[in-house]
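Inspection log for the structure reproduced underneath, given as structure tokens.
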Amino acid sequence: MNESILGVYGLGVMGSSIAQNLLKHGYNISVYSKDLQETEKFRLKNIENVKVFDKDNIDLFLKSLEKPKKVFLMITAGEVVDKVIEELLNYLEPGDIIIDGGNSFYKDTNRRYEYLKKKGLDYIGVGISGGEKGALNGPSMMPSGEADIYKKVENIFNDISAKSKDNKPCCTYIGKEGAGHYVKMVHNGIEYADIEIICEAYLIMKNICGLGIEKIQKIFEKWNKGPLKSYLIEITANILKKKDEETGKYLVEVISDRAGQKGTGKWTAVEGLEMNVPIPSVVEAVFARSISDLKEKRIEAEKKLKLDKMSGNIGSEDIFINNLEKAVYLSKICSYAQGFDLLSNVSKKYGWNLNLEEIALIWREGCIIKAEFLEEIASEFKNEKIENLMLGKKFSKELIDNHTKWRDVVCKAIKAGIYIPGMSSALEYFDGYRNSESSANLLQAQRDYFGAHTYERNDKKGHFHTEWE
């Protein structure tokens, strides 16, 4: 067998899937893992055109690669990546390329990029979305690094990435340094908000409308044929069909309402604070998972903070469900607007020149937030220069024409005592952004009163301080 075009380091779920994807597209590759079980599991697949190396043969693994050597790291993000890089430095030469396909924090990618550049090696950070199935059948890919170095792997990435309906690869060069991992981080933040909003719609239908799982399932199925058509709405409809074999109940009814999280949503929330870019729907989605984790405390609080039964008084069920669909859609517009606003601001800070239209296009397939809606987002960014997605022609019209339906749903949910931080924060973001006047003039006066922080005036330039007492 000839030298391999690329080596995959790490054969966990994602690494194994990426390797199989490469092989399906006709690439001769080498694979390596320190985990013997992973290596044996991959060997048992009896796949051709692949060289498999176990933990004691990293030197042979790297010798099997054509020059310049391209090593695709598919390992857990964090310190282990730095350790593996140090190990690889014993075998690699200037001009060789390390590709990090894990969920690395973008600042770590920036640091590794600079560190390896000093040693004459090239580093590509690539955000990969789509989970196991995406990695196997075609993920959305967000690569970054030096543009000329990316050219050396561009065809490979385009081949293995997902394809849109117009057969374009869901992969594009994002920018320098850790831009790719940054975009993937924001993708995950938007994903958190999207999931939270959908789950709130489910809770509203269940607890305010009093609908059973079967009817809720049919509503999500219907929604997936309209403007909300997306992977997350699709899987929600599928989830609500599933019965539990042990109890005969719908499976969702026996799943604990304690949410997990891996941390990328938190990264996005903190980044919004550090960049001074408001992304309240992402932040609230993170905190909603934190509150869900307080299961025992919530059980006790329900006993001690028991309220009289409250009703949202929905009126016509059909009208309310239609309003709820609009509330989900408008909340989605505002949560995506927050994510893209963060991308716009970080692009200016680091000089990454992020192409927001292209980013929307590569999320159309292969990733968790894939949706028809992304075509419209790409169109908004293509056709006009807008500061915020809410100001685009189509989305601004949707918001203006339907905000009363959105408010109706949010108000009724609040009146019924339903926790809906995703929808309500999206609505507050909309109102906060569209109002030219806020209460911050009083806030500035308070800051000046207790801390002499000064304030600006709206009738003349300069910074002023008042002796308030």
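In this structure, Ile198 does satisfy being under 30 Å from Glu357 (Cβ atoms), of a type in the set (Val, Ile, Thr), in contact with a helix residue (DSSP H, G or I) (Cβ under 8 Å, 6 or more places away or on another chain) and part of a helix (DSSP H, G or I). The C-beta contact set for segment 102-127 (first residue on the phi > 0 side of the Ramachandran plot, second residue surrounded by fewer than 24 Cβ atoms within 10 Å (Cβ to Cβ), distance under 7 angstrom, 6+ apart or interchain) comprises Gly120/Pro94; Gly120/Gly95. A count restricted to segment 1-60 and to residues that are part of a strand (DSSP E or B) and among the aromatic types (Phe, Trp, Tyr) stands at 3.
Taking segment 247-339 and the helices (runs of 4 or more DSSP H) fully enclosed by it, the elements with 2 or more residues that are within 26 Å of the chain's Cα centre (by Cα) are at 264-275, 280-292. Is it the case that some residue within segment 153-164 is at pLDDT 95 or above, under 20 Å from Glu375 (Cα atoms) and surrounded by 24 or more Cβ atoms within 10 Å (Cβ to Cβ)? Yes: one or more hits. Residue check: is Asn353 assigned to a loop (DSSP other than H, G, I, E, B) and either within 25 Å of Ala179 (Cα to Cα) or among the acidic types (Asp, Glu) (or both)? When the stated conditions are applied, Asn353 passes them. Counting the residues of segment 84-103 that are touching a Leu at 6+ places or on another chain (Cβ under 9 Å), over 16 Å from Gly145 (Cα atoms) and not in a loop (DSSP other than H, G, I, E, B) gives 3. Scanning segment 137-150 for any residue that is within 30 Å of Asp96 (Cβ to Cβ), without any contact (Cβ under 8 Å) to a residue 40 or more places away in the chain and either in a loop (DSSP other than H, G, I, E, B) or outside the structural domain of Tyr123 (by the TED database) (or both) turns up at least one such residue. Of the residues Phe42, Phe72, Phe61, only one is buried (at least 19 other Cβ atoms within 10 Å of the Cβ), within 13 Å of Leu11 (Cβ to Cβ) and in contact (Cβ under 8 Å) with a residue 60 or more places away in the chain; which? Criteria check complete, one pass: Phe72.
Of the residues examined, Ile47 is not one that is modelled with pLDDT of 95 or more, of a type in the set (A, V, I, L, M, F, W, C) and in the same structural domain as Gly127 (by the TED database).
The values are calculated or read from the model by the stated rules, or taken from the named source; none is laboratory data. All of these numbers come straight from a predicted model, not from anything done at the bench. Glycine also receives a Cβ, built like all others from the backbone with ideal geometry; neighbour counts cover every protein chain displayed.
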